[in-house]
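What follows is a single structure, written as structure tokens, with notes after it.
The values are calculated or read from the model by the stated rules, or taken from the named source; none is laboratory data. Being a predicted model, the structure only gives us computed values, none of them experimental. With ideal geometry, Cβ positions are generated from the backbone for all residues, glycine too; neighbour counts draw on all protein chains shown.
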Amino acid sequence: MQYLLHILILIGIYVILSSSLNLVAGYAGLISVAHASFFAVGAYAAALLSVHFGSPLIVNLLCAALLAALCSLLIGFPSLRIRDDYFVIATFGFQVLTFSVLNNWVKLTRGPLGIPGIPRASLFGWEVSSQFEFLVVVTVLSLATIWCCKVISESPYGRVLKAIREDEMFATAAGKNVAAFKISAFAFAGGLASIGGVLYAHYISFVDPSSFTVMESIFILSIVIIGGAGSLLGPVVGAVLLVSLPEALRLIGLQSAIAANVRQILYGGLLLAFMLWRPRGLLGRFSFEKDVH
Amino acid sequence: MSTKVWFSVKDVRKSFGGVLALDGVSFKLSRGEILGLVGPNGAGKTTLFNVISGFDAPDCGRINLSGTELVGLPPYLIALAGLVRTFQVPRLIENLTVIENVLLFCKSQPGERLRNVFFSNARLKAFETEIAEKAKDLLQKAGLGDKMLSPASELSYGQLKLLTIACCIASDSDLLLLDEPIAGVAPVMIDRILEMISDLRSAEKSVILIEHNMDAIMHVCSRVLFLDVGSVVCDGVPSDIRSNSRVIDAYLR
Amino acid sequence: MAIVQILLNAVIAASLYALVGAGFALIFRTSKFFHFAHAATFTAGAYLTYTFKQIVGLSLPISVVFSLIGCGIVGLLMSRLLFLPLRRRGASSLVLLLSSLGLYVILQNSISLIYGDHIKSIRDAKVVEGIPIFGARITEIQIAAILGAAVLIFLLHTGLRYTGAGKALRAVASNPTLAKLVGVDSNLVVQLAFVAGSVLAGAAGILVALDIDMTPSMGMLMLMMGVVAVIIGGVRSLVGIAFGALLLGAAQNLGTWLVSSQWQDAIAFAILVVFLLVRPRGFVGG
Ligand SMILES: Nc1ncnc2c1ncn2[C@@H]1O[C@H](COP(=O)(O)OP(=O)(O)OP(=O)(O)O)[C@@H](O)[C@H]1O
Ligand SMILES: [Mg+2]
């Protein structure tokens, strides 16, 4: 039972991460390999705030989201204002930077040692103590994230994003400031992703740099692509599949040292297979056929 | 109808590598005027549109729309300044419905701001209903009423071109640049498209129309510009064009 | 005297960045996508050398040659088995990029599975003193790194300029349609670029393996540095890439000297952002 709750909580966190990335990759058509950075910003913000100040969940969420959105402006502004093919490079650079900062800014982050002893989340005086209660919080926040994505995709704002994804020139001719739309979508997605980080930090009660590598970014991206970019439920299906499938490896008794690698080889292989045979993913409507060059 | 000069292009040049596509093009346009732009293939007509609408930067020259200098502005600002264009190969968002394509062109929509997505209010809702009504009317008039909610990918080629013009009209721009709006379209549809273009005159809109079909040009244009190897060879009423010796040369060459 | 050592360290770092960057650029020019798995090729170079030298027990020169050949084969297989079939299906550059990401994940984790995650080293236990020059010290391997990088970049440069294969490659890079018209087999050229590019990345990996240590995940950081060098120098100019690598190496090592080594990656990112802003035509535009 505990184990099942654990998996469900992880799925909830990854639904938040992948749905937010879907806003960028699926709706605006931009591939980002920096999503683990925003995950990290959220996790470390929550860790530091609650360890040092014992701040409540709401404060952690707000601070993390603001900080993550600011970071995404740092990438989005120089790359998206100019041309698309810079975006993936800028996000890649930022991902490498984040990992390096987490490892090296020892005074703040304690480097590779990580930050242990993160207190449980507290909400208006109520401490989220049991695993089940935490699952409720995660579920509420992941539903809220999905709702945000739904509202965006049905709004005039989302209509412009979809237009940009399909044909930037057409959107421009319609008088849309394409770069501004991409930058705002990216910043919003960064803010949303940090929610996943905050939850992760409170749940595991420990953060260290190794959870926020390029590999993690690729994993979140794979969830979106395999589930189906540009559809509301694609990332949800992707998260359920990619988080729970590797757990089967544990059930068949694979050593945990090997299991981590096999799990990643599995999703890397899935990503490849989908690119070869079904680039639009399970539920996707859109398969990155637009050529950026 | 005022005949005051309201849009002007002055000495615009553009070359691609060694190819001189526009070699000092100048002309003026007044409000409510429908100008035909003709010339052999490769004359530089589409390039002229790209330069005017800001998609290509000219090597030199000035372009002025009712007091605003357009050269150097990003294309989206040019569109917002009241100049809209279609593309020779029609572009549309196939995954959006017909009416969504039209709505995309409505200007200054508060709903297109991210913060309004979550903090919507009655005024915003009213605005959206209003533009949706307008878009419906427009599509009815264009004869696309029954296709309103289908994805744009389901339209025929002629309907696509009709829709691109409907999009331009929805943008409420003062100047429309239409690149071959009837090329490749079935005859029944041609009449409807030409009618929509003619109607723009009475709405005080100006149009520049690229077209190879001379009958269509004769039908809707009050004035014609003939472009050959990047320069204006002849500028006059449609009947002048047919008798101009340089035009005949250009076509016989 | 510190300044000589800093410059020396900058040149050593730069030779690695230039190798990885040049290989990346070669592949990018012909295939027009961001080849993430290039990072894994680099790592493979290091681990192949480790395998031949430490496990099989071959001599150093033989191990190096075998590893270079191995990396070339890796590049050839990547292009033949994955990227060319994808291209034939008309895959966009984003699909190719995503495939390359998937491939990277598979390769890095396979290396982890086989060799383990902990640091592996080829160096002997004894500390190499290094040869003193102008008050600085440089090891033989480091001299080999600088010379090796210089020779490989020079060979590539002349190869691209003067050989038929080089001309075909440049033709495909600048205009694939035209190249096809004049009878250039673009598939062959793509494979050639993958082989040559992978050998360059592998060479960098070998040098790192001999000079420092290796871990399965070291490739991404090196790829990032190579890409920054390419952004500075422009994808079309090998000389530019070498210059970009030197600039990056110098900035990082000066930063290490002035502030602390922990900000090396931040410096690289700052340079990246600056060049994204000042080179709006950038990457592809040259
Ligand atoms: N992006 C470009 N790069 C290089 N040359 C170009 C480019 N765009 C146009 N040209 C060249 O500029 C010239 C003018 O082309 P343009 O498309 O404006 O002609 P056009 O009058 O619209 O012809 P058509 O009637 O066939 O549409 C042609 O010689 C064309 O090859
Ligand atoms: Mg044309």
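In a residue-by-residue description of segment B:60-68, the property of being in the same structural domain as B:ASP215 (by TED's automatic domain parsing), within 12 Å of ligand 1 (Cβ to nearest atom) and over 25 Å from B:GLU195 (Cα atoms) applies to no position. Of the residues that make up segment C:35-44, is at least one closer than 26 Å to A:THR213 by Cα and touching a strand residue (DSSP E or B) at 6+ places or on another chain (Cβ under 9 Å)? Yes, segment C:35-44 contains at least one residue that is closer than 26 Å to A:THR213 by Cα and touching a strand residue (DSSP E or B) at 6+ places or on another chain (Cβ under 9 Å). Scanning segment A:1-30 for residues that are modelled with pLDDT of 90 or more and not in a helix (DSSP H, G or I) turns up nothing.
Does C:GLY57 fit the bill of being within 14 Å of chain A (Cβ to nearest Cβ), small (Gly, Ala, Ser) and out of contact with any Leu (no Cβ under 9 Å at 6 or more places or on another chain)? Taking the combined requirement at face value, the residue does not satisfy it.
For every residue, the table says whether it meets (1) surrounded by 16 or more Cβ atoms within 10 Å (Cβ to Cβ); (2) hydroxyl-bearing (Ser, Thr, Tyr); (3) on the phi < 0 side of the Ramachandran plot.
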| residue | (1), (2), (3) |
| --- | --- |
| C:VAL105 | yes, no, yes |
| C:LEU113 | yes, no, yes |
| C:VAL151 | no, no, yes |
| C:GLY183 | no, no, no |
| C:ALA193 | yes, no, yes |
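Among the residues of segment B:147-183, the ones that are in contact with a Phe, Trp or Tyr (Cβ under 6 Å, 6 or more places away or on another chain) and within 16 Å of ligand 1 (Cβ to nearest atom) come to 2 in all. Count of segment A:184-212 residues, restricted to those that are in contact with a Phe, Trp or Tyr (Cβ under 8 Å, 6 or more places away or on another chain) and without any contact (Cβ under 8 Å) to a residue 12 or more places away in the chain, is 0. Scanning segment B:37-56 for residues that are away from ligand 1 (no atom under 12 Å from the Cβ) and farther than 25 Å from B:SER222 by Cα returns a single hit, B:GLY54.
What about B:SER206, is it hydroxyl-bearing (Ser, Thr, Tyr) and crowded, with 17+ Cβ neighbours inside 10 Å?
Details: hydroxyl-bearing (Ser, Thr, Tyr): yes; crowded, with 17+ Cβ neighbours inside 10 Å: yes.
So B:SER206 passes the test.
Report whether or not B:ILE208 is modelled with pLDDT under 85 and within 16 Å of ligand 1 (Cβ to nearest atom). If you could, list the steps in order and put the result at the bottom.
Details: modelled with pLDDT under 85: no; within 16 Å of ligand 1 (Cβ to nearest atom): yes.
Spelling it out, it is not the case that B:ILE208 is modelled with pLDDT under 85 and within 16 Å of ligand 1 (Cβ to nearest atom).
One residue is enough: does segment C:35-54 have a residue meeting the conditions among the β-branched types (Val, Ile, Thr) and either over 21 Å from C:ILE212 (Cβ atoms) or not in a helix (DSSP H, G or I) (or both)? Spell out how you get there, then give the answer.
Keep residues of segment C:35-54 that are among the β-branched types (Val, Ile, Thr), which gives C:41, C:43, C:49, C:51.
So of that shortlist, the ones also either over 21 Å from C:ILE212 (Cβ atoms) or not in a helix (DSSP H, G or I) (or both) come out as none.
For segment C:35-54, residues among the β-branched types (Val, Ile, Thr) and either over 21 Å from C:ILE212 (Cβ atoms) or not in a helix (DSSP H, G or I) (or both): absent.
Please specify each residue of segment C:167-202 satisfying the condition of being more than 18 Å from C:PHE83 (Cα to Cα) and in a loop (DSSP other than H, G, I, E, B). Once the filter is applied, which keeps residues that are more than 18 Å from C:PHE83 (Cα to Cα) and in a loop (DSSP other than H, G, I, E, B), segment C:167-202 yields C:ASN175, C:VAL182, C:GLY183, C:VAL184.
Quick one: count up the residues across segment B:177-194 that are under 15 Å from the mean Cα position of the chain (by Cα) and more than 16 Å from ligand 2 (Cβ to nearest atom). Total satisfying the criteria: 2.
Does A:LEU251 fit the bill of being within 20 Å of the chain's Cα centre (by Cα) and of a type in the set (A, V, I, L, M)? No. Of all residues in segment B:17-36 being without any contact (Cβ under 8 Å) to a residue 24 or more places away in the chain and either part of a strand (DSSP E or B) or under 25 Å from A:THR172 (Cα atoms) (or both), which is nearest to ligand 2 (Cβ to nearest atom)? That would be B:VAL19.
Is it true that some residue in segment B:197-212 is of a type in the set (A, V, I, L, M, F, W, C), over 17 Å from the mean Cα position of the chain (by Cα) and more than 16 Å from ligand 2 (Cβ to nearest atom)? No; the residues of segment B:197-212 include none that is of a type in the set (A, V, I, L, M, F, W, C), over 17 Å from the mean Cα position of the chain (by Cα) and more than 16 Å from ligand 2 (Cβ to nearest atom).
Out of the helices (runs of 4 or more DSSP H) lying entirely within segment A:178-293, which hold 3 or more residues that are hydrophobic (A, V, I, L, M, F, W, C) and farther than 30 Å from A:PRO112 by Cα? Explain how you work it out, then say what you get.
Values: elements: A:178-204, A:214-227, A:234-244, A:247-251, A:256-277.
Result: A:178-204, A:234-244, A:256-277.
Just to verify a result, which residue in segment B:37-79, among those that are of a type in the set (Ser, Thr, Tyr) and assigned to a loop (DSSP other than H, G, I, E, B), is nearest to ligand 2 (Cβ to nearest atom)? The qualifying residue nearest to ligand 2 (Cβ to nearest atom) is B:SER53. From the list B:ILE34, B:ILE78, the lone residue that is away from ligand 1 (no atom under 16 Å from the Cβ), buried (at least 18 other Cβ atoms within 10 Å of the Cβ) and within 13 Å of another protein chain (Cβ to nearest Cβ) is B:ILE78.
How do the helices (runs of 4 or more DSSP H) wholly within segment A:50-164 filter down when requiring 3 or more residues that are within 14 Å of chain C (Cβ to nearest Cβ) and not aromatic (Phe, Trp, Tyr): which remain?
On the way: elements: A:57-80, A:85-104, A:106-109, A:131-154.
Helices (runs of 4 or more DSSP H) meeting the threshold: A:57-80, A:85-104, A:106-109.
Going by the conditions given, is C:LEU272 of a type outside the set (Ser, Thr, Tyr) and more than 9 Å from every other protein chain (Cβ to nearest Cβ)? Considered against the rule, which asks whether it is of a type outside the set (Ser, Thr, Tyr) and more than 9 Å from every other protein chain (Cβ to nearest Cβ), C:LEU272 comes out as no.
Within segment B:85-124, if we keep just the residues that are in a loop (DSSP other than H, G, I, E, B) and among the aliphatic types (A, V, I, L, M), the residue that is farthest from the other protein chains (Cβ to nearest Cβ) turns out to be B:VAL89.
Table: residues versus (1) within 8 Å of chain A (Cβ to nearest Cβ); (2) under 15 Å from A:LEU74 (Cβ atoms); (3) in contact (Cβ under 8 Å) with a residue 40 or more places away in the chain; (4) crowded, with 23+ Cβ neighbours inside 10 Å.
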{"residue": "C:GLY240", "(1), (2), (3), (4)": "no, no, no, no"}
{"residue": "C:GLY244", "(1), (2), (3), (4)": "no, no, yes, yes"}
{"residue": "C:GLN252", "(1), (2), (3), (4)": "no, no, yes, yes"}
{"residue": "C:GLY255", "(1), (2), (3), (4)": "no, no, no, no"}
{"residue": "C:SER260", "(1), (2), (3), (4)": "no, no, no, no"}
{"residue": "C:GLN264", "(1), (2), (3), (4)": "yes, no, no, no"}
{"residue": "C:LEU277", "(1), (2), (3), (4)": "yes, yes, no, no"}
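Within 16 Å of ligand 2 (Cβ to nearest atom) and in contact (Cβ under 8 Å) with a residue 12 or more places away in the chain: does that describe B:PHE87? Judged against the criteria, B:PHE87 is a match.
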